[in-house]
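The values are calculated or read from the model by the stated rules, or taken from the named source; none is laboratory data. Keep in mind that what you see is a predicted model, and the values were worked out from it rather than measured. Neighbour counts are summed over all protein chains in view; Cβ atoms, including those assigned to glycine, are modelled from backbone coordinates with ideal geometry. Quick note on the areas: whole protein, heavy atoms, side chains included, nothing else; ligands and nucleic acids left out. Shrake-Rupley method; radii C 1.70, N 1.55, O 1.52, S 1.80 Å.
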Amino acid sequence: MDALPLDQPVTVYPMKAFPVIKDLVTDVSWNYRVNKKIPPFAPRPDTDWRIYQEDVDRVQVFRKCIECFLCQDVCHVLREHEQMEQFGGPRFFVRVAALEMHPLDSVSRTRMLKDELGIGLCNITKCCTEVCPEEIHITDNAIIPLKERVVDEFYDPLLMLVRKIRGAK
Ligand code: SF4
Ligand code: SF4
């Protein structure tokens with residue numbers, strides 16, 4: 001509100017990426033369907049629950065998300081290209097980052113990022129980061145590190161060779 005020029009009219013529109021139900025209300029239920037696909041936190045069985053403060057800080061910032069879906073609304077992959085089937089969107093990269101970077105979590109969601117959430121479609125325009133009201137550094141702190149994990153796991157030539165030798169996918 002502090003940044004609004006109050007000497008000019010303020011026009012409010014419903015979100016553009018999702019179907020309008022009425023007035024400013026849009027149907028954001030697609031987001032909840034994406035959310036359900038993501039495996040939840042699964043602590044390692046031998047966990048002693050001690051975590052370095054820097055690891056806590058790194059994931060805690062992602063928990064500030066209030067699911068306003070503004071980042072989803074401005075992302076051109078969803079807004080202009082309507083890639084709902086192939087792409088999860090920045091909000092869910094934030095959620096996956098919170099889980100993947102948790103030092104006690106035991107599940108890998110890297111294949112899911114590549115195949116189901118389509119992280120490769122993100123071209124780091126940073127529009128999502130610019131609109132986040134919680135000032136989460138979505139691209140720098142969530143998306144780029146997750147992209148690096150996908151590249152390391154699926155496109156590193158040395159690891160690909162090792163996997164081929166072992167007969168793994
Ligand atoms: S940085 Fe990626 S996720 Fe964020 S708005 Fe741009 S394309 Fe979408
Ligand atoms: S804009 Fe920020 S607070 Fe809103 S859904 Fe996206 S990550 Fe969460």
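This table checks each residue for (1) within 11 Å of ligand 1 (Cβ to nearest atom); (2) of a type in the set (D, E, K, R).
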site: V74; (1), (2): yes, no
site: E82; (1), (2): no, yes
site: K126; (1), (2): yes, yes
site: G167; (1), (2): no, no
Note to self: With the requirement that a residue be open to solvent by 40 Å² or more (accessible area, probe 1.4 Å), more than 8 Å from ligand 2 (Cβ to nearest atom) and touching a residue at least 24 places away in the same chain (Cβ under 8 Å), what does the range 54-73 give you?
What the structure shows: R58, V61, R63
Notebook entry, point to check: Before we move on, is L99 open to solvent by less than 30 Å² (accessible area, probe 1.4 Å), closer than 23 Å to D152 by Cβ, part of a loop (DSSP other than H, G, I, E, B) and touching a residue at least 60 places away in the same chain (Cβ under 8 Å)?
Noted result: no
Next item on the list: Could you list, in sequence order, all residues of the range 128-148 that are open to solvent by 60 Å² or more (accessible area, probe 1.4 Å) and either within 16 Å of G88 (Cα to Cα) or more than 9 Å from ligand 1 (Cβ to nearest atom) (or both)?
Entry: P133, E135, H137, D140, N141, E148
Note to self: Looking for something at pLDDT 95 or above, touching an Asp or Glu at 6+ places or on another chain (Cβ under 7 Å) and within 16 Å of R63 (Cβ to Cβ) - is there at least one such residue anywhere in the range 91-111?
What the structure shows: yes
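Any residue in the range 146-162 that is within 15 Å of ligand 2 (Cβ to nearest atom) and in a helix (DSSP H, G or I)? Step through it out loud before you land on a result.
Here is the first cut: in the range 146-162, the ones within 15 Å of ligand 2 (Cβ to nearest atom) are 146.
Retained after the next criterion (residues that are in a helix (DSSP H, G or I)): 146.
Within the range 146-162, one or more residues are within 15 Å of ligand 2 (Cβ to nearest atom) and in a helix (DSSP H, G or I).
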Next item on the list: Select from the range 18-46 the residues that are over 19 Å from H102 (Cα atoms) and either touching an Asp or Glu at 6+ places or on another chain (Cβ under 8 Å) or open to solvent by less than 90 Å² (accessible area, probe 1.4 Å) (or both) and list them in ascending order.
Entry: F18, P19, V20, I21, V25, T26, D27, V28, S29, W30, N31, V34
Note to self: What pairs come out if I take residues in the range 114-130 that are more than 20 Å from P39 (Cβ to Cβ) and of a type outside the set (S, T, N, Q) and pair them with residues that are within 16 Å of ligand 2 (Cβ to nearest atom) and in a helix (DSSP H, G or I) whose C-beta lies under 6 Å away, six or more apart or interchain?
What the structure shows: L121/V77; C122/I143; I124/T139; K126/T139; C127/V74; C128/C71; C128/P90; C128/I138
Notebook entry, point to check: When you scan the range 15-90 for helices (runs of 4 or more DSSP H) that lie fully inside it, which ones turn up with 3 or more residues that are touching a Gly at 6+ places or on another chain (Cβ under 9 Å)?
Noted result: 29-37
